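See below for the structure under consideration.
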Amino acid sequence: MMTRHFLRDDDLSPSEQAEVLDLALALKADRFSRRPLEGPQTAAVIFDKTSTRTRVSFAVGIADLGGVPLIIDSQSSQMGGKESIADTARVLERMVGAIIWRTYAQSGLEEMAEGTTVPVVNALSDDFHPCQILADLLTIREHKGQLAGLTMAYVGDAANNMAHSCLLGGVTAGMNVRIAGPLGYQPEPEYVADALALADTVGVDVWIGEDPIEAVTGADVVITDTWVSMGQEDEKAERISIFSEYQVTEELFGKANDQAIFLHCLPAYRGFEVAAGVIDGPQSVVWDEAENRLHAQKALLTWLLDQQ
Ligand code: CP
Ligand code: NVA
């Protein structure tokens, strides 16, 4: 069997994504029912960028699955340019059952996956945050009862990891996806082309544009993310000015479907990408979304290990 990895949202087909989400719901209902890491086996969780949710949810999730999490960072290991990714991959696979990595370049994750026989999971890169979207889809399914046919609108920095993952993950789930951001901050054309091809097969619409009102009007799900992603701190002032018209205000959120829900991967910056009245309001599901990182990732790891 070829080792399966999860480096970007469309690494799971629509039916595989649905299987993982079904399993996530089952694991949420019966937390210790699957123990694929019983032994215990160790899973390595590597951080080149900071994290609260991802770190905690993987550590707790690996323990729930019967395993031992080994949290590593580039400063205190030989990673981060000191040793090649290919050599690191060959060493890790001799000892761990899975490699989960938060890093900068998507190409680094691809190199890691090429160099190892254990599953590699993207815990956020500059280009994608696919574990987050799995949790988001689980949250939407819980609150809306379905995914297929719903419309997701993402507003703000439309060139970042969350925008790309909404695009590919949302389409995979059978959702219509709208992405609004200023010119110059819209999704990578290569990923748009991939999403359009997939949308054609799945039978959903993809809209990419500048107007946040057009994106949000009538949507069932509204999502935003920080305007300043990790690694972009030097551009903070410029970015706050570029995205200032893209805040999810109560007025903008009011254009969505009456029953719309608001999601944000967190950490959130109230008064910038989202108004406090929206994220702390009755239609916000951000705390369920944060909890669902645990259940979605446990399901993903179980599914990937089942394919080994
Ligand atoms: N949403 C998310 O990935 O949060 P952390 O950066 O805290 O892991
Ligand atoms: N786009 C954000 C997501 C944080 C979870 C970042 O990359 O910093």
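Nothing in this text is a laboratory measurement; each read-out follows from the coordinates by a stated rule. Predicted model only: the values in this text are computed from it and were never measured. No Cβ is skipped: glycine too gets one built from the backbone with ideal geometry, and neighbour counts run over all protein chains shown.
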**Q.** Candidates SER76, SER33, SER51, filtered to the one that is within 16 Å of ligand 1 (Cβ to nearest atom) and not hydrophobic (A, V, I, L, M, F, W, C)
**A.** SER51
Q: Considering (1) touching a residue at least 60 places away in the same chain (Cβ under 8 Å); (2) of a type in the set (Val, Ile, Thr); (3) not in a loop (DSSP other than H, G, I, E, B), say which one THR50 fails and leave the rest.
A: (3)
Q: Output the number of the condition that ALA105 fails; it satisfies all remaining conditions of (1) more than 28 Å from ALA18 (Cβ to Cβ); (2) within 13 Å of ligand 1 (Cβ to nearest atom).
A: (2)
Q: Considering every residue within the range 111-129, establish whether at least one is acidic (Asp, Glu), in contact with an Asp or Glu (Cβ under 9 Å, 6 or more places away or on another chain) and crowded, with 17+ Cβ neighbours inside 10 Å.
A: yes
Q) In this structure, is PRO189 surrounded by fewer than 13 Cβ atoms within 10 Å (Cβ to Cβ) and of a type outside the set (Lys, Arg)? A) yes
Q.
Can you report the number of residues in the range 267-306 which are in a helix (DSSP H, G or I), more than 22 Å from ARG102 (Cβ to Cβ), out of contact with any Lys or Arg (no Cβ under 6 Å at 6 or more places or on another chain) and among the aliphatic types (A, V, I, L, M)?
A. 2
Q: Just give me the residues in the range 184-207 being β-branched (Val, Ile, Thr), closer than 15 Å to THR151 by Cα and part of a helix (DSSP H, G or I), in sequence order.
A: VAL202
(Q) Going through LEU168, LEU137, LEU124 one at a time, which residue ends up being in contact (Cβ under 8 Å) with a residue 24 or more places away in the chain and away from ligand 1 (no atom under 16 Å from the Cβ)? (A) LEU168
